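Below: one structure, written as structure tokens.
None of the figures in this text is laboratory data; all of them are computed from the coordinates on show. Not measured: the values here are computed from a predicted model. A quick note on method: Cβ atoms are made from the backbone with ideal geometry, for glycine too, and the neighbour counts reach across all protein chains shown.
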Amino acid sequence: FKIKKIILRQLQMKMKAPFTTSFGTIHNKDFLLIEAVDENGLSGWGESVAMGSPWYSEETVQTSQHMLEDFLFPTLLNAPLTHPDEVSEKFSHIRRNNMAKAAVEGAVWDLYAKRTGEPLAKALGGTRDKIGVGISIGIQSSVNALLHLIDGYLTEGYQRLKLKIKPGRDVEVLREIRRVYPDVPIMADANSAYTLKDIDLLKRLDDFNLMMIEQPLEHDDIIDHAKLQKELSTPICLDESIHSVSDARKAIELGSCKIINIKIGRVGGLTESKKIHDLCAKNGIDVWCGGMLEAGVGRAHNIAITTLPQFTLPGDTAGSSRYWEEDIIVPEVTVNADGTINVPNQPGIGYEVNMKAIEKYKVSEKVFTA
Ligand code: OSB
Ligand code: MG
């Protein structure tokens, strides 16, 4: 098959509640949505997780747009394809820019699965019809505010809590939450807010029976994380540090982590996500699907990849209503009372795009043809 037309839309969606990490606060989600159209007029959808500013990684909405328009679309338009695995091969002469690559690769995967009439989860080799999910909670102004939020999310059924931490908002906060919830599965995500100089403080986190601590040290590091893991009983999970199956292999060899968070955008697409998944399965490394505050299209891709067997831990894929007044897919993603999401069984991503909602949030649109 061939991609004959690509429609690139930029959207802005206001978050229901601001999301605060060790880096700052997100009020509005700016992102690119990609619609890839084949010779029969069938569309596949992809969503870029690059954000407005480069705090999580070096990519932004604008750098993605540049890479897509000037390099990735020209490589893909009109190129004969038999399987979406070929897309990342075609992009391999372009360094990094993983979020831009993943966005358009995701659209090709959706289109491919729609053409073959199977759910994206099946096309990827997924085996589950339900996935377990937790919730990632940003840094709050007070412990009481955090406790209030936690109470609501546990009532909704989420299987585990991920609490964002940073220096000054770590040990005391976790101690208080553990006191109130001695048995709830809890993990902490530092988004690289610490260094090895903080090792004594990080060791104190071992007291709280955390499932894992996510990315405590620098965003591009696997050496110091290996040193830290030797000193901690809490498993380290890497997020920002892992961009490829090659990074994952090195981190596993060094002992830099016991768990890997796979984000499709961070690793350059679904094909690379599968490779990392397979490597982790072989090495007994637990895997879960991270989140980037996605709208519905990206969320649907996350649900599909999470159906692979080595996604053994609950991911960050919360329901649409946790983020948005109105999502861009129908039906919206909902979470069952037992903290699971039903995997859709319609072809492709399995949700319809809501064109009215897309029009409402659209900031700009450009069409590229072969
Ligand atoms: O580090 O996992 C992260 C959101 C934006 C950027 C990075 C991260 C996150 C989250 C939220 O933790 C996950 C989600 O709810 O989508
Ligand atoms: Mg993280």
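Looking at 203, 166, just one residue is surrounded by fewer than 21 Cβ atoms within 10 Å (Cβ to Cβ), closer than 18 Å to residue 237 by Cα and within 16 Å of ligand 2 (Cβ to nearest atom), and that residue is 166. Name the residue, out of 207, 224, 247, that is under 28 Å from residue 103 (Cα atoms), acidic (Asp, Glu) and not in a strand (DSSP E or B). Answer to the check: 247. Scanning segment 296-315 for residues that are farther than 14 Å from residue 264 by Cα and aliphatic (A, V, I, L, M) turns up just one, 313. Scanning segment 265-286 for residues that are more than 25 Å from residue 16 (Cβ to Cβ) and within 12 Å of the chain's Cα centre (by Cα) gives 267, 268, 269, 270, 273. Here's a check for you: in segment 114-145, which residue that is of a type in the set (A, V, I, L, M) and over 23 Å from residue 288 (Cα atoms) is surrounded by the most Cβ atoms within 10 Å (Cβ to Cβ)? Among residues in segment 114-145 that are of a type in the set (A, V, I, L, M) and over 23 Å from residue 288 (Cα atoms), the one surrounded by the most Cβ atoms within 10 Å (Cβ to Cβ) is 143. Condition check for residue 306 on (1) crowded, with 23+ Cβ neighbours inside 10 Å; (2) more than 14 Å from ligand 1 (Cβ to nearest atom): one failure, at (2).
Checked against (1) within 16 Å of ligand 1 (Cβ to nearest atom); (2) of a type in the set (Lys, Arg); (3) over 21 Å from residue 259 (Cβ atoms), residue 197 passes all but condition (1). Total residues in segment 264-294 satisfying the condition of being more than 16 Å from ligand 2 (Cβ to nearest atom), under 22 Å from residue 187 (Cα atoms) and not in a helix (DSSP H, G or I): the figure is 2.
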